[in-house]
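Here's the structure we're looking at; comments come further down.
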Ligand SMILES: Nc1ncnc2c1ncn2[C@@H]1O[C@H](COP(=O)(O)OP(=O)(O)O)[C@@H](O)[C@H]1O
Ligand SMILES: [Mg+2]
């Protein structure tokens, strides 16, 4: 334990040696970790929102009133027999009217003017996989009982693919910046090792183990990275907390993300950062401290 | 304490530093290793602390089989040895005191022990007046004594000194020798390499002589002609 004194003291002495490089490393790790943290959180938020929709109604078929209700029932049965369909709900004119009244209860003028008769009967379809909405549309085309089809799947699909593109491009940038951090660490450590060549030689002669000689370098790399990631994660949490109460939450959708997801993400990021620092220091001093 | 059996050292490229050296040194001895420049003295000392590995033969130092010692165990060997290299290796940006306490710090002593032991070592090598000076403010003899003090930090069983009087005038050389003899009397085995015959002849200790990498003589209370 006494021996750690030397290691910890020298970790800080080494870091003070190249302050600009150390700050650059921390910033690079910070940006990289922040990108990872925020985009993964964003994706989780989008997934939470879409999964809600996924439990809801995916396709609405408005029925033509000129066709008999027997035909409506038949259509419902056909739909229910499709393997992609989980549930079909028959929504009558009066149910549509009740819903309309609830939705627009704040606008009594509107309610007075509307001719409720134009509200059509509809089949509300819940799919096993919302992406299958196209199949339903294809099959229903030309059906005499169908007046109009609306699908929410399209919006979801677009949003998910947008999120995936976002995650992918952010990952690429995070990777590039992470690589820059990696190179910065290697260079910082090598500069220090070179400057301390004589000290290291003396330590070897005295009988210091190579692990002991390496530890300040390993600690430095891990500490720099951890500081970067910690700040990034802190900013990320703050950002999400802020978004929950901001206009984004009102205008687009609920910022629903569980604390356990964020905690796990944080822990995984911190753990990866330690591995990253360890690996970078390993590469950085492998050759330099070998003789 | 030291046993060499048929030890040879050939460098890559074929230059032979030592050939077929066999000898033994017991606990408590004071032994001079003499020979002209290039005769293999430094190489022999470096073999003892595994800075070099023998090409052939077997080496035993402080009850450790050095020849088969895996590299991760080299520190264990070195902690039992005090090593004073041919060129004084002092850190330029640290005082005498700090250069010595550095070794104790690396060896894992706590702060109180470091201060006590450093002061004791400084007293032993008589550097009280230079303890806050930096290496470039020290004379050659003082630098060597600082190196000896540092080498003693781990309470070594065996002290290896490579030409500690190398560039000192006779008076200062005698000072160093007296110091090493004092350390020897306190129980540390000492092996000192030198090419300075005048010292060796006066002190009447055991002398091992190397010539072109061969051990050519081994005399008790020796003289060096
Ligand atoms: N690292 C090395 N590589 C190649 N040859 C070496 C090396 N070290 C020493 N030698 C050679 O080994 C011989 C013995 O050198 P050394 O042990 O330094 O002698 P001494 O210390 O007695 O002056 C010399 O010929 C020297 O050139
Ligand atoms: Mg030599």
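The values are calculated or read from the model by the stated rules, or taken from the named source; none is laboratory data. Keep in mind it's a predicted model, so treat the numbers as computed, not measured. With ideal geometry, Cβ positions are generated from the backbone for all residues, glycine too; neighbour counts draw on all protein chains shown.
What are the pairs, 6+ residues apart or on separate chains, where a residue within the stretch B:40-57 that is within 14 Å of chain A (Cβ to nearest Cβ) and farther than 13 Å from residue B:3 by Cβ has its Cβ under 7 Å from a residue that is outside any helix (DSSP H, G or I) and more than 9 Å from ligand 1 (Cβ to nearest atom)?
Filtered contacts from the stretch B:40-57: B:45/B:160; B:49/B:81; B:49/B:83; B:49/B:160; B:50/B:66; B:50/B:69.
Mind listing whichever residues of the stretch A:185-218 are away from every other protein chain (no Cβ under 14 Å) and either surrounded by 22 or more Cβ atoms within 10 Å (Cβ to Cβ) or without any contact (Cβ under 8 Å) to a residue 40 or more places away in the chain (or both)? Please lay out each step first, then the result.
So the first thing to find is which residues in the stretch A:185-218 are away from every other protein chain (no Cβ under 14 Å), and the list is A:185-194, A:217-218.
Result: A:185, A:188, A:189, A:192, A:217.
Which residues, taken from the stretch B:63-86, are touching a helix residue (DSSP H, G or I) at 6+ places or on another chain (Cβ under 7 Å) and away from ligand 2 (no atom under 16 Å from the Cβ)?
The answer is B:64, B:66, B:69, B:78, B:82.
When you go through B:37, B:15 one by one, which is the residue that is within 16 Å of ligand 2 (Cβ to nearest atom), modelled with pLDDT under 95 and over 18 Å from the mean Cα position of the chain (by Cα)? Can you show your working first?
Numbers: B:37 fails: over 18 Å from the mean Cα position of the chain (by Cα).
Result: B:15 is the single residue among B:37, B:15 that is within 16 Å of ligand 2 (Cβ to nearest atom), modelled with pLDDT under 95 and over 18 Å from the mean Cα position of the chain (by Cα).
Out of A:151, A:174, A:180, A:170, I need the residue that is in contact with a strand residue (DSSP E or B) (Cβ under 8 Å, 6 or more places away or on another chain) and either more than 14 Å from every other protein chain (Cβ to nearest Cβ) or at pLDDT 90 or above (or both). Which one?
Residue meeting the stated conditions: A:151.
Collect the residues in the stretch B:22-39 that are exposed (fewer than 13 other Cβ atoms within 10 Å of the Cβ) and either within 16 Å of ligand 1 (Cβ to nearest atom) or within 14 Å of another protein chain (Cβ to nearest Cβ) (or both), keeping them in residue-number order.
B:36, B:37
Mind counting the residues in the stretch B:64-81 that are more than 9 Å from chain A (Cβ to nearest Cβ) and either free of Cβ contacts under 8 Å to residues at least 12 places away in the same chain or under 19 Å from the mean Cα position of the chain (by Cα) (or both)?
Residues that pass the stated criteria total 6.
How many of the residues in the stretch B:152-172 are within 16 Å of ligand 2 (Cβ to nearest atom) and more than 14 Å from chain A (Cβ to nearest Cβ)?
So the answer is 6.
Across the stretch B:178-195, which residue is nearest to ligand 1 (Cβ to nearest atom) among those that are out of contact with any strand residue (DSSP E or B) (no Cβ under 8 Å at 6 or more places or on another chain) and free of Cβ contacts under 8 Å to residues at least 60 places away in the same chain?
Checking each candidate, the answer is B:179.
To keep it simple, each residue is scored yes or no on (1) in contact with a helix residue (DSSP H, G or I) (Cβ under 9 Å, 6 or more places away or on another chain); (2) under 23 Å from residue A:156 (Cα atoms); (3) modelled with pLDDT under 85; (4) not assigned by TED's automatic domain parsing to the domain that holds residue A:120.
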{"residue": "A:40", "(1), (2), (3), (4)": "yes, yes, no, yes"}
{"residue": "A:47", "(1), (2), (3), (4)": "yes, yes, yes, yes"}
{"residue": "A:65", "(1), (2), (3), (4)": "yes, no, yes, no"}
{"residue": "A:70", "(1), (2), (3), (4)": "no, no, yes, no"}
{"residue": "A:81", "(1), (2), (3), (4)": "no, no, no, no"}
{"residue": "A:84", "(1), (2), (3), (4)": "yes, yes, yes, no"}
{"residue": "A:87", "(1), (2), (3), (4)": "yes, yes, yes, no"}
{"residue": "A:90", "(1), (2), (3), (4)": "yes, no, no, no"}
{"residue": "A:94", "(1), (2), (3), (4)": "yes, no, yes, no"}
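Read through the list (1) free of Cβ contacts under 8 Å to residues at least 12 places away in the same chain; (2) touching a helix residue (DSSP H, G or I) at 6+ places or on another chain (Cβ under 7 Å); (3) within 10 Å of another protein chain (Cβ to nearest Cβ), then give the number of the only condition that residue B:94 fails.
Going through the list (1) free of Cβ contacts under 8 Å to residues at least 12 places away in the same chain; (2) touching a helix residue (DSSP H, G or I) at 6+ places or on another chain (Cβ under 7 Å); (3) within 10 Å of another protein chain (Cβ to nearest Cβ), residue B:94 breaks only (1).
Can you pull out the residues in the stretch B:87-116 that are within 16 Å of ligand 2 (Cβ to nearest atom) and either surrounded by 15 or more Cβ atoms within 10 Å (Cβ to Cβ) or closer than 15 Å to residue A:5 by Cβ (or both)?
B:88, B:89, listed by residue number.
Give the number of residues within the stretch B:124-172 that are within 16 Å of ligand 1 (Cβ to nearest atom), closer than 19 Å to residue B:75 by Cα and out of contact with any helix residue (DSSP H, G or I) (no Cβ under 8 Å at 6 or more places or on another chain).
Selection size over the stretch B:124-172: 0.
Do we have any residue at all in the stretch A:190-206 that's in contact with a strand residue (DSSP E or B) (Cβ under 6 Å, 6 or more places away or on another chain) and assigned to a helix (DSSP H, G or I)?
Yes: one or more hits.
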